[in-house]
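The values are calculated or read from the model by the stated rules, or taken from the named source; none is laboratory data. Everything quoted here is computed from the prediction, not taken from an experiment. Ideal geometry is used to build each Cβ from the backbone, glycine not excepted, and the neighbour counts take in all protein chains shown.
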Amino acid sequence: MKSYLKLVNFEWNRVTRLFAVLLGITFVAQMIGVIVQANKYVKMADQSINVDLMPKAQFLQDFGQIDFVRVVRSVWFMGPIMLCIAGVAFYIFFIWYRDWFGKNTFIYRLLMLPTSRLNIFLAKLTTILLMTFGFVAFQLMILPLENVVFKSMVPAEFRLDFGTREVIRRVPELGLIIPSSIVEFFLYYGAGLMAVSIIFAGILFERSFKWKGIILGAGYATVAVFAFISPLLLQDFVLNGFLYPIELLLLEILAGLIVLGVSIWTSKYLLKQKITV
Amino acid sequence: MKKYWKMTVTIIVIIVSIGSFYLTNKVAADQNPDVTIETTSGDMAEIKSLVLDGSFFDSSSKSSTQVKITAEGTNRNNNSFLNRLIGNPPTVIKDLRQKNRNFMRGKDPIENLFFENDQFLAYANVSYQTSGSLQSYNYQFDISILNKEESKTDSFKLQVPNQTMVEHVLMEDVQIIGGELKLITQNMTRDNGVNNTEQHVYTVDIASQQISGDEAVLKLPEDQGDTQMNAQLIQTSPLQDDENLIFMVTESSIKKDLESTRFESVQKEMVTYNLLTKETTSIELPEDIQTTDNQASFYDGEMIYFVKTEGGKLIVTSLNQESGKEDTSFEIELPYKLKDQNPPLMTIDNGKVYVATRSMNQNQKAFVVAVDTQTGKLLYSGELAVTSAEEMEEYVLYLYELSVK
Amino acid sequence: MIEVRAVEKKYGRKQILKGISFSANKGEITCLIGINGVGKTTILNAIMGLTPINKGEILIDGQRLKEKMFDNITFIPDAITMLPGMTIGQAMEFMADFYSSWNQERATELLEFFRLNDTNRISSLSKGNAAKVNLLLGLALDVDYVLMDEPFSGIDMFSREEIAKVFTSHLIENRGVIITTHEVGDIEHLIDKVVLMDDGMVTKEFNAEDAREQEGKSVIDVMREVYQR
């Protein structure tokens, strides 16, 4: 446990720079987005009302009030989120391959630590999780802040105010990374964790058996995904809706846990018996 | 410990930020509004077995909540993931699922496909597969019968007879009467290039699991020009023995005006079929029932009721099924105004007709009334009221089911 | 004692090790000698569980390798195994953090001996200094067995001398050491036991001292005999 925590800390320190850069980009880009979108609207209102002498009520009827959802839907806002997702996706692979890269192959050191090699695997998995949750937490923190900036830029009569929750509810894309209920949060990210564990096992297949390992890894991933969705397939094609939805959910959770467990076990075996530096 | 500061800070931020988001989320969900029925006249006991199912939509937060409104108050079912997953089947189905969890597995949640009496719980549906060429389907009855005494379930499939003629089969009702299972279907058939719609009653021998009878109760000709024939089975509760099937046969013609094309009924006829004697009887309907659309019909095994609302009036006509004679008819002024094009929710149970509006919002109230079907006396009237912890600017309450427990 | 028993290893179709057997005792320096590509590094990797073997077994004090044993056996590969962004100090801190057998006193001693500055970044070190740090990180562990892969290759003469000095010091005393080399010259006088390898097999295993005393042959003489036969 202690070496696991040490390893998590170590892995986390290795990624903090990338993490901080992505947080910085997100914050700056989203703030610019708020300012750009709000400004555009205020300018348009100014032009219509003060130059074209359109009555205010007429303007509001024609163009509508602006709300924060419009800001969120802009590329300034969604772009950095996509970038962070891409960053995590990239790092899922890089977290392993960086240890094999270059002359100073750090994997020697990691594999020679007097602790279970499984801890290396778990520490890397935890780091991906921390990174993901870190982005989510950061987005949840800056959303209200951005909302405040937005409110300070647009006069009250021209805007429709939403809280963080309403904004998320109105933008389904955002709801994918910040689900509306805690149950879904655990289900989504649990499935994500399982997916990462499958990819990790695939990477370790590749690292253990090289070219043959790519085929083995892809094969493993296919079997794992199939195992995970097998309750759904059974329900639709064999059982003809025999299971109640809640039972199907429980079976899915069970299938997910099994796949996660098998992926961890497989990775442990590969790290212990088959890995090559 | 200094070494761990980055990780420590990250974990704390994650827990606090995400944790507080979902914690306040839960608080917000608990502040959903209550919907109550407030009596304006009569005794609330009159509606004590009435259940209104609906969904409450708060426009400002865009959140919707499933509500079950009874005389006692609201039962909320928020729009959480699990509730969405479980779904919201009709009350009858919910009760059946609660009592017969295993029997109800994989069965379509449609009331008419079920029948229940003291001895049996039965289900039947039509299934089909494409086999080879596109036109030929293999139509089958999927039947499950639960014998309550032996708590034994028999499930079997039976071929629909005359496959070659069948274009489509629709299960309309299931009955068990005289120890036999009766499947009431609407069949679209094609015979020598002529399309027909037929109402069939298939008799299934429960012991041998064979089809022992096939009666075509009604045969409606193909649409001709502007006229169209259509037969509708007046549904009863699945929890009720019905010796008689009642079909409303409507002949309607196409009315075209500038804006739309619609069907208007020209003639209505009622046909009853006795499941035991296999006799078919025609009943002539009173003039005013013949010519009106937009009315609901109910059958309680003895009386057939026609209920409609017109200009704020509730008009109820009842016929005795056996004699085919008009029994009682009355009009009663409702204490509320209604729009004719949007008929309210109505049901008849145990000598009472219940009426409820389909929706309410901040400007328009919804009401519930109960009227005695014999005397036409207003037994109860009440308004729905929304009480909420927070001030709500805009909301809509949709009611979609009115049932009696 | 480290025992390597009939170890076979394939890379794809190519058989690198064709049934290697030898042993290395505690308190002795065993030298694996052979030309490049003969499988010396592969053996060390296999002993450390860094690459799987196809056949045979490797025992350390009679046991198969377990992860806990890394507190008792260490491997110094031919390139440094620390993150390039770390300073020497941070690398030592890392070792101290994870190894219970880390001996800080000895690490400081080595740091002074090699005249290294612990604030220097590993990526900025010269080849010789990097090799010294590599050696430091391995030798500062209180372990019974030390495996070294080509500790002298590609290093300037002065560094080589300094490193060679380490071998005669108390830092090596009482430990079992396996080192590989393709040129035996620098360390001939240091080694106790020689394992000659060719084409994935052990061609001769002999005691250097015995050869010198009983047959009057140097290691190089024996090698000449074996390879030119």
Here is a list: C:Asp198, C:Asp192. Which entry is more than 30 Å from C:Leu141 (Cβ to Cβ), under 20 Å from the mean Cα position of the chain (by Cα) and in contact (Cβ under 8 Å) with a residue 60 or more places away in the chain? C:Asp198
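Conditions (1) in contact (Cβ under 8 Å) with a residue 24 or more places away in the chain; (2) within 13 Å of another protein chain (Cβ to nearest Cβ); (3) out of contact with any strand residue (DSSP E or B) (no Cβ under 8 Å at 6 or more places or on another chain), marked per residue:
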{"residue": "C:Gly27", "(1), (2), (3)": "yes, no, no"}
{"residue": "C:Asn36", "(1), (2), (3)": "yes, no, yes"}
{"residue": "C:Gly56", "(1), (2), (3)": "yes, no, no"}
{"residue": "C:Arg64", "(1), (2), (3)": "no, yes, no"}
{"residue": "C:Asn72", "(1), (2), (3)": "yes, yes, no"}
{"residue": "C:Pro84", "(1), (2), (3)": "yes, yes, no"}
{"residue": "C:Ala91", "(1), (2), (3)": "yes, yes, yes"}
{"residue": "C:Phe94", "(1), (2), (3)": "no, yes, yes"}
The one condition in (1) within 14 Å of chain B (Cβ to nearest Cβ); (2) of a type outside the set (S, T, N, Q); (3) under 18 Å from the mean Cα position of the chain (by Cα) that A:Ile95 fails to fulfil: (1)
All positions within segment B:165-198 that are surrounded by fewer than 15 Cβ atoms within 10 Å (Cβ to Cβ) and closer than 17 Å to B:Phe247 by Cα: B:Leu170, B:Met188
Candidates C:Leu110, C:Leu32, C:Leu44, filtered to the one that is under 14 Å from C:Leu139 (Cα atoms), more than 8 Å from chain A (Cβ to nearest Cβ) and in contact (Cβ under 8 Å) with a residue 24 or more places away in the chain: C:Leu110
Single unsatisfied condition, C:Asp199 versus (1) over 26 Å from C:Ala46 (Cα atoms); (2) surrounded by fewer than 17 Cβ atoms within 10 Å (Cβ to Cβ): (1)
Determine, yes or no, whether C:Asp78 is more than 13 Å from chain A (Cβ to nearest Cβ), of a type in the set (D, E, K, R) and assigned to a loop (DSSP other than H, G, I, E, B). no
Can you say whether A:Glu146 is more than 10 Å from every other protein chain (Cβ to nearest Cβ), touching a residue at least 24 places away in the same chain (Cβ under 8 Å) and surrounded by fewer than 19 Cβ atoms within 10 Å (Cβ to Cβ), as far as the supplied structure shows? no
Go through segment A:28-73 and give me each residue that's farther than 13 Å from A:Met153 by Cα, more than 29 Å from the chain's Cα centre (by Cα) and among the aliphatic types (A, V, I, L, M). A:Met44, A:Ile49, A:Val51, A:Leu53, A:Met54, A:Ala57, A:Leu60
Return yes or no: is A:Glu146 part of a helix (DSSP H, G or I) and in contact with a Lys or Arg (Cβ under 7 Å, 6 or more places away or on another chain)? no
Please enumerate the residues belonging to segment A:100-120 that are farther than 16 Å from C:Phe98 by Cα and either buried (at least 22 other Cβ atoms within 10 Å of the Cβ) or at the interface with another protein chain (Cβ under 7 Å from one of its Cβ atoms) (or both). A:Lys103, A:Asn104, A:Thr105
Taking segment A:120-162 and the residues there that are within 22 Å of the chain's Cα centre (by Cα) and among the small types (Gly, Ala, Ser), the one that is farthest from A:Ser3 (Cα to Cα) would be A:Ala137
Of everything in segment B:76-96 that's within 8 Å of chain A (Cβ to nearest Cβ) and outside any loop (DSSP other than H, G, I, E, B), which residue is nearest to the chain's Cα centre (by Cα)? B:Ile86
Scan segment C:147-164 residue by residue and report those that are within 29 Å of C:Asp61 (Cβ to Cβ) and surrounded by fewer than 19 Cβ atoms within 10 Å (Cβ to Cβ). C:Ala164
Quick one: is A:Ala57 assigned by TED's automatic domain parsing to the domain that holds A:Val148, touching a helix residue (DSSP H, G or I) at 6+ places or on another chain (Cβ under 8 Å) and among the small types (Gly, Ala, Ser)? no
Within segment C:96-107, residues of a type in the set (Asp, Glu) and either in contact (Cβ under 8 Å) with a residue 24 or more places away in the chain or more than 7 Å from every other protein chain (Cβ to nearest Cβ) (or both) come out as C:Glu105
Okay, strands (runs of 3 or more DSSP E) sitting entirely in segment B:140-247 with 1 or more residues that are free of Cβ contacts under 8 Å to residues at least 60 places away in the same chain and over 29 Å from B:Lys268 (Cα atoms), I get B:152-159, B:180-191, B:194-205, B:210-220
Inside segment B:8-24, the number of residues satisfying the requirement of being more than 7 Å from chain A (Cβ to nearest Cβ), within 52 Å of the chain's Cα centre (by Cα) and either among the hydroxyl-bearing types (Ser, Thr, Tyr) or not in a helix (DSSP H, G or I) (or both) is 2
Given the conditions (1) part of a helix (DSSP H, G or I); (2) at pLDDT 85 or above; (3) not hydroxyl-bearing (Ser, Thr, Tyr), every one holds for B:Pro109 apart from (1)
